[in-house]
Amino acid sequence: MAIVLQDVSYTYMANTPLERQALSGISAVIQEGSFTAIAGHTGSGKSTLLQHLNGLIHPTSGQVLMDEVNLQGKGKAERRRAKAAARQVGMVFQYPEQQLFEETVEKDIAFGPRNLGLSEEEIEERVQSAMELMHLDYKAFKDVSPFALSGGQMRRVAIAGVLALRPKYLVLDEPTAGLDPRGRRKLTETITRLHREEHVTIIFVSHNMDDIVRLADRVLVLAHGKLLAYAPPQEVFQDSRILEEAGLQPPEAFKLADELRQAGFDIPAHAMLEEDIVSSILRLYRQGR
Amino acid sequence: MLSDITIGQFFPGDTFLHRLDPRTKLIALIFLMVAIFVFHTFGVYTALTVFTLALVFASKVPFGMILRSLKPLLWILLFTFFIHVFSTPGESLLHLWRFDATLEGIERGAFISLRLILLIVLASLLTFTTSPLKLTDAMEALLSPLKRFGVPAHELAMMMTIALRFVPTLIEETDRIMKAQESRGADFSEGSLMARIRAVIPVLVPLFLSAFRRADDLALAMEARCYHGGEGRTQMKALSFHRLDGLAFVFTALFLIILTISSGQLGGVLWG
Amino acid sequence: MSFITIQNVSHIYHAGEEQEHRALSEVSFSIEEGEFIAILGTNGSGKSTLARHINGLLLPSSGHVLVDSMDTQETENIWNIRREVGMVFQNPDNQIIAAVVEDDVAFGPENIGMEPGRIRKNVHEALETVGMTHFRSFAPHLLSGGQKQRVAIAGALAMQTKCLVLDEATAMLDPRGRQEVMETILRLHRENHITILLITHFMEEAVEADRILVLDKGEIFASGTPRDIFSRGKELEEIGLELPLASRVAEKLIQQGIPLPNTILTKEELRAELRQLQQAQ
């Protein structure tokens, strides 16, 4: 099972003086169970691409298949099927805490399940488990107003609100933006655990190439609405032409490794994590002695 | 949908319409609007339409943009048209249930619709060719004689400036929040009236909260930049009338006088 | 007398109410003219509260803040202080007031009643300094985050500010925007000798400062040169901060018994130290 993008193009405000092509001819397969990163600088078409993944917008040409169902259904029956398929994809927008609106944390997280028309017991069960997944103590937080929480906690509540829909695929647009180092670390750990233990397929946008190397098994690089690369991050980031064309900086750890290589240290090209560099240096040091 | 709203958008350029003092444009607009309302003859409407089209052409604003500014009001236009078609007494052309479409009605409906279209096009021409800041400066200048009667001219103008500045931001924000709630299963397009009203709450609450947050931030930023009301304030681009403005005034005045005389409605204009 | 002096400043929000909260307690330090100081701390450490004291947006519950020998608590000083201390906030969208870039840059000078001819000159120069001249007649919503923040910086420069306080001004930007803003403020510091107070979550940005101030729970936790501060890795991690990458790698190597100094800050320094070590072997 997978999300399949077939030659997807999208044009904003078609046939007006403000017409702008945001995506052109994107084809890619995002396998269930994968951890996929999307990289590209602001204006590269990332947000537009994300919105195709749960049918918020439909391609101007081409199609998006979700577990073999076209997300743009024609006719009533097909549309119903498309809608059900799109529900498999949970969408966490940038700064998701800004979508909170209910009086209590519990009610806000219940908003999604309630829209699905589930029973009260099922809703409560889902709210509880979603909060657990996001490390929010159910008893302590359920009756608290979401607006009385800290920024990091609000974000957890917002993500729990999406998880309560029990999506197979979770799409996150810069999930750690604006958090402090501790908040970033904690949220990244939570997302990794969702993938590893709950087997949720993760698709995330990040400007942090080090995070992409650490977390993702594949990275999809966009520039000017075109697909530049779709491969494991270690492979993509070794190719300086791709980064340059996409206007991206290589991971910090890669830059450090490069600096050391230039001084004659034998550090392998795929070393793009802090710990890879540490172990390479240790190996060299011990050999030297 | 939301992106269709073009009223209040500035379309930068360097035509004579762009260069006119905003006060000139505002005053001329007011007079033209009055003219549109008081005159009823076919000749005057033709002249006003030609005049408006000439201005559109001179502004170099793409015709598509002008049409888009009419789009949000399409339903109101159609509604007004058909109301008049069916409610004006006269020779019946078509009988529908208890109503008659009349020739007089069509004529009247067309006139009223044209009147509305001219109003909208002229008003959007003003906003297309005038930067919002200049527009509010003009408003402030024209209102300032009323300050002595307690009208807060500066504050009103500042509110306008900020409202205009945040229109695009809030439109984007609404779009984003709607999509976020849609992704959580909210449905804005189906269900009973009550269900739809309820569906709006998850959008309105975050939108209001965000607007308040923005207002707070903005107030702080303005304070940090020494804003303390209109007292002792100067302006980088102080408004000043030029020859062009004089010409525009004379031309508009002549145009309106000719309209008045040629319409033979002189009495009507003077006596209401 | 220092340019900015902060004397025993405490700040309590909602004093006497149920949600009373002490955001700053007994903070004292001073800033010299032309210095570049970075302030680090997690969310809720009191960074923003402190920043807002410097231009009198907030007044101390106790203690004093002096800017250029003017006390922020004396009302008649406030506009002069705000003129000398410009501020750039976190959200690029919420600090641009006018609908055209150059009009926005003129907003501050207009407020202080500057003469129109001089405003035009200052606006022109300020836009030139931040490299935004080309965008002077753009609508703000057409600019990128980094460009908006540069416009905000120009707005302060046009008032001929002596000091810029950047309150997490890079937090909402993408890497390119962050780089743009950082390059701009480094240039302002070096070439125009503007005093910089940079509040940030990004350790790499703090490395550039002359001095770092670490805040934790409303108190000064540490203060010193970047080298001093980042040699205290364990302590920083305990209060929720992290080290720059090169320092982190050096620290892990030290833990594994490699004899490196604990003062490494940059990639270049790490390279040089390792090279030395290699030659000694």
State the answer as a single residue: which of A:Gln94, A:Ala110, A:Ala84 lies farthest towards the positive end of the charge dipole of the range A:53-143, with beta carbon charges of +1 for Lys and Arg and -1 for Asp and Glu, about the Cα centre. A:Ala84
Answer in debye to the nearest 20: the dipole magnitude of chain A about its Cα centre, from +1 Lys/Arg and -1 Asp/Glu charges placed on Cβ, is 380 debye
Mind scanning B:Lys25/B:Lys60; A:Lys186/C:Lys217; A:Lys46/B:Lys60; C:Lys148/C:Lys267; A:Lys76/A:Lys107 and naming the pairs with a C-alpha gap bigger than 28 Å? A:Lys46/B:Lys60; C:Lys148/C:Lys267; A:Lys76/A:Lys107
13 Å beta-carbon shell around B:Ile106, net charge (K/R +1, D/E -1): -3
Mean 1/r over all different Cα pairs, inverted: what Kirkwood radius does chain A give, in Å? 20.5 Å
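For the protein assembly as shown, what is one quarter of the convex hull surface built on the Cα atoms, given in nm²?
Mean projected area of the Cα convex hull: 43.2 nm².
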Count the net charge of all other residues whose Cβ sits under 13 Å from the Cβ of A:Gly112, scoring Lys and Arg as +1 and Asp and Glu as -1. 0
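Which order do the peptides C:169-178, C:184-193 come out in when sorted by mean C-beta neighbours inside 10 angstrom, highest first?
C:169-178, C:184-193
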Could you give me the ³J(HN,Hα) list for the range A:228-244, computed from phi with Karplus coefficients 6.51, -1.76, 1.60 and θ = phi - 60°, whole Hz, x at Gly and Pro? 8, 7, 8, 7, x, x, 4, 5, 5, 6, 6, 8, 5, 5, 4, 4, 4
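Membrane-span-like helices in chain B: DSSP H runs reaching 15 Å or more (Cα, own axis), mean Kyte hydropathy at least 0.0?
The qualifying helices are B:22-38, B:42-59, B:74-87, B:103-129, B:132-143, B:153-183, B:193-224, B:243-263.
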So what are the ³J(HN,Hα) numbers for the range C:259-274, from phi and the Karplus equation (6.51, -1.76, 1.60; θ = phi - 60°), rounded to whole Hz, Gly and Pro as x? x, 10, x, 8, 10, 6, 10, 10, 4, 4, 5, 4, 4, 4, 5, 5
Please report the spacing between the Cα centers of the range A:227-289 and the range A:54-113 in Å, no decimals. 38 Å
Shielding score for C:85-92, defined as the mean number of other chain Cβ atoms within 10 Å: 3
Kirkwood Rh, Cα Rg: Rg to Rh for chain C? 1.01
Along the charge dipole of chain C, pointing to its positive end and built from +1/-1 on Cβ of Lys, Arg, Asp and Glu, which listed residue (C:Ile199, C:Ser28, C:Gly46) has its Cα farthest out? C:Ile199
Base-10 log of normalised Debye intensity for the range B:131-239 (one unit scatterer per alpha-carbon) at q = 0.11, 0.12, 0.13, 0.23 Å⁻¹: -0.54, -0.61, -0.67, -1.26
Can you list the residues, at least 5 places off or on another chain, whose amide H is less than 5 Å from the amide H of A:Ala39, using H built in the peptide plane? A:Leu220, A:Val221, A:Leu222
Here the range A:89-101 yields Karplus 3J(HN,Hα) values (6.51, -1.76, 1.60; θ = phi - 60°; whole Hz; Gly and Pro given as x) of 10, x, 10, 10, 6, 4, 6, x, 4, 6, 9, 5, 8
As straight-line cross-link partners of B:Lys147, the qualifying aspartates and glutamates (C-alpha separation under 15 Å, not fewer than 8 residues apart within one chain) are B:Asp137, B:Glu155, B:Glu231
Could you list, bin by bin from short to long, the percent of Cα-Cα pairs of the range A:104-237 in 10 Å steps? 11, 38, 31, 15, 4
Scoring chain B by relative contact order with C-alpha pairs under 8 Å, at least six apart, yields a percentage of 25 percent
Descending principal axes extents, chain B, alpha-carbon based, whole Å: 63, 58, 38
Among residues other than A:Gly183 whose Cβ falls under 15 Å from its Cβ, what is the net charge (Lys/Arg +1, Asp/Glu -1)? -1
Roughly how crowded by other chains is peptide C:142-152, in terms of the mean Cβ count from those chains within 10 Å of each of its Cβ atoms? 1
Check A:Asp180: other-chain or 5+ apart residues with amide H under 5 Å from its amide H, H built from backbone geometry? C:Asn43
With labels modelled as points extended 7 Å from the Cα through the Cβ direction, what inter-label distance (nm, one decimal) is found for B:Val50 paired with C:Glu183? 5.7 nm
Let me spell out the model: positive unit charges on the Cβ of Lys and Arg, negative unit charges on the Cβ of Asp and Glu, origin at the Cα centre of the range C:99-243. What dipole size does that give, in debye rounded to 20? 420 debye
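Provide the packing ranking of B:210-222, B:108-120, i.e. peptides ordered by the mean count of other C-beta atoms within 10 Å per residue, highest first.
My ranking of the peptides, most packed first, is B:108-120, B:210-222.
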Calculate the length of the line joining the C-alpha centroid of the range B:9-28 to that of the range B:118-132, in whole Å. 9 Å
For peptide B:133-146, how many partner chain Cβ atoms fall within 10 Å of a residue's Cβ, on average? 1
Highest to lowest packing among C:145-154, B:121-130, A:273-282, scored as the average C-beta count within 10 Å: C:145-154, B:121-130, A:273-282
Of the residues B:Ile162, B:Leu143, B:Val205, the Cα lying farthest along the dipole of the range B:131-239 towards its positive end, which is defined by charges on the beta carbon of Lys, Arg, Asp and Glu, belongs to B:Leu143
Where nothing but the Cβ of Lys and Arg (+1) and of Asp and Glu (-1) is charged, how large is the charge dipole of the range B:145-213 around its Cα centre, in debye to the nearest 20? 300 debye
The protein assembly as shown: antiparallel DSSP beta bridges as a percent of all, rounded to 5: 55 percent
Quick one: check the C-alpha center-to-center distance for the range A:160-178 versus the range C:27-73, whole angstrom. 38 Å
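Every number in this text was worked out from the coordinates using simple rules, so none of it is lab data. Model, not experiment: these values are computed from the prediction. Positions of Cβ are backbone-derived with ideal geometry, glycine not excepted, and every protein chain shown enters the neighbour counts.
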